[in-house]
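Okay, structure first, notes after.
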Amino acid sequence: MFHFRRIIFWVHLILAIPAALLVANMCATGILLAFREEIIALSDAASARAPAPTPDARPLSVDELLEKTKAAGPEMRPLSLRFFNDPDKAVLAVVGRGKFFYINPYTGEIKQPGARATRAFMDGVAQWHRWLRFDGENRAIGKQITGAASIAFLLLIVTGLVVWFPRHLHWRRFRLGLFFNHNLHGRTREWNWHNVFGFWFSPLLVVLILTALPISYRWANDLIFTLSGEPVPQMGPPGMSPPKDGFPKFATSGSLLSKDALLKETRRQFPNWENITLFPFGPRPQGRPTGATGARPVGATRPVAVPRPPVPAASDVPSPASSSSRASRPNRRERGGRPDHPTRQETPAPALAAVSPVMLQIQEKGRFPQFSNVQAHLNPYTGEVLRKETFADYSTGRKIRTWARFLHTGEAFGPVGKAVALLASLAGLFLVYTGIALLYRRLRAKLRKHST
């Protein structure tokens, strides 16, 4: 048993030497990122506010807001508009990944987001946390390094708990590793801190590490779906797409409702709404061409690709002789009508419906999990909800993957969860500090012994 503990101790020590700085980087940046959204929102509060100019002022219609963005330039064409259940809050218009602006719902005035210095600082911290500040194609390298550091940190926690466990089962020995002793100094104090932080925060740190692995490694992401007995979903850019079984069918008689009428109907059917995201230019056309495979993630905005006509057979390709003799033939205008090609037929493109259901994303007050939302497909003619998808409708693999994403940041449980994640990151930083201090004192004692 003594030799086993000694082997585990040296494994712990050897892993800690190369991983210490990387773990310290992830813990320190994790502390700064814990309340990232709240810090940015506080700094950006002035731009996000748009109080009514007069008590009886009425907001502009969605089409009028879109006209304002169109007049500002083609780069301001919004992919989505988010409306908040607060009359003094501006409309959030998203134009791309990480690119957005605010629109005054009463005047149509466009405001660029404020707090640029704060946002740039937080973006830089996030780059250090995820990719060690690597940019471009080198981000994959940084991602692999931080992923390997996470695995090393997990092994450090496991081996540390083995070393922590007392050799003799006495309460006095357990107490030395469970509670702080303020009467200690030097090496014994750092040993006490290292043991106490490691024991109490190891479960939280294990959760943070395990939920980081699907972010760093594709195999970890795929493993979630494989263990859930589900096919691994295809990766793709975010956006809107029809569900796997196609868009819900609806009657196309009558006239289309305006975007404002659809918003009004959505507010009526979801009275507890907190914010509603509208995709003003809609999802891709309804239906998929025959032979198309793979469904893009819900939200994709790319149009359906129309398959090309089949390549003609070799016998259908005219020879040089026939091409030269064709010059003596009358052209189409002289003959009138189209030339007759008995062996080649035009393949018509598959017909796609011109109108698709309108998709909206709704976040309701008091929702659980707090990161969940409702995706609703509405009949563009009547406003009827044709399909409603909530977090409860997700597959098991998708639920686990979504939970992992928001458990890692603490967002799964709101501000309380973020505070817990911050404390766990702070404990990880203390583990690195006390571990380096213990190693330094150990090496210094060895050098002194050797010199004497």
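The values are calculated or read from the model by the stated rules, or taken from the named source; none is laboratory data. Treat the numbers as computed from the prediction; the structure is a model and nothing was measured. Neighbour counts are summed over all protein chains in view; Cβ atoms, including those assigned to glycine, are modelled from backbone coordinates with ideal geometry.
See the values below:
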| quantity | calculated |
| --- | --- |
| Options 91, 163, 158: the member that is in contact with a Phe, Trp or Tyr (Cβ under 7 Å, 6 or more places away or on another chain) and modelled with pLDDT of 95 or more | 91 |
| In segment 4-22, the residues that are of a type in the set (Val, Ile, Thr) and closer than 19 Å to residue 146 by Cα | 14, 17 |
| Yes/no for residue 71 being of a type in the set (Gly, Ala, Ser), surrounded by fewer than 12 Cβ atoms within 10 Å (Cβ to Cβ) and under 30 Å from residue 358 (Cα atoms) | yes |
| Within segment 1-108, strands (runs of 3 or more DSSP E) holding 3 or more residues that are β-branched (Val, Ile, Thr) | 91-96 |
| Scope segment 74-85; condition surrounded by fewer than 16 Cβ atoms within 10 Å (Cβ to Cβ) and either touching a strand residue (DSSP E or B) at 6+ places or on another chain (Cβ under 6 Å) or at pLDDT 95 or above (or both); matching residues | 85 |
| Filter result for residue 26 (within 26 Å of the chain's Cα centre (by Cα) and modelled with pLDDT of 95 or more) | yes |
| Any pair with Cβ under 6 angstrom, 6 or more apart, that starts in segment 265-277 at a residue that is under 22 Å from residue 381 (Cβ atoms) and ends at one that is among the small types (Gly, Ala, Ser) | 265/383; 277/80 |
| Scan of segment 109-124 for residues that are assigned to a loop (DSSP other than H, G, I, E, B) and farther than 22 Å from residue 35 by Cβ, ordered by number | 109, 112 |
| Given (1) at negative phi; (2) surrounded by 16 or more Cβ atoms within 10 Å (Cβ to Cβ); (3) not assigned by TED's automatic domain parsing to the domain that holds residue 214, index of the condition residue 64 fails | (2) |
| Qualifying residue in segment 428-437 (condition: of a type in the set (S, T, N, Q) and over 21 Å from the mean Cα position of the chain (by Cα)) | yes |
| Residue 230, sole failed condition from (1) closer than 28 Å to residue 413 by Cβ; (2) assigned to a helix (DSSP H, G or I) | (2) |
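Residue-by-condition table, conditions (1) at pLDDT below 65; (2) buried (at least 18 other Cβ atoms within 10 Å of the Cβ); (3) among the small types (Gly, Ala, Ser):
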residue: 232; (1), (2), (3): no, no, no
residue: 236; (1), (2), (3): yes, no, yes
residue: 246; (1), (2), (3): yes, no, yes
residue: 249; (1), (2), (3): no, no, no
residue: 254; (1), (2), (3): no, no, yes
residue: 258; (1), (2), (3): no, no, yes
residue: 268; (1), (2), (3): no, no, no
residue: 272; (1), (2), (3): no, no, no
residue: 280; (1), (2), (3): no, no, no
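Okay, residues lined up against (1) surrounded by 15 or more Cβ atoms within 10 Å (Cβ to Cβ); (2) closer than 13 Å to residue 62 by Cα:
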residue	(1), (2)
91	yes, yes
96	no, no
101	yes, no
105	yes, yes
112	no, no
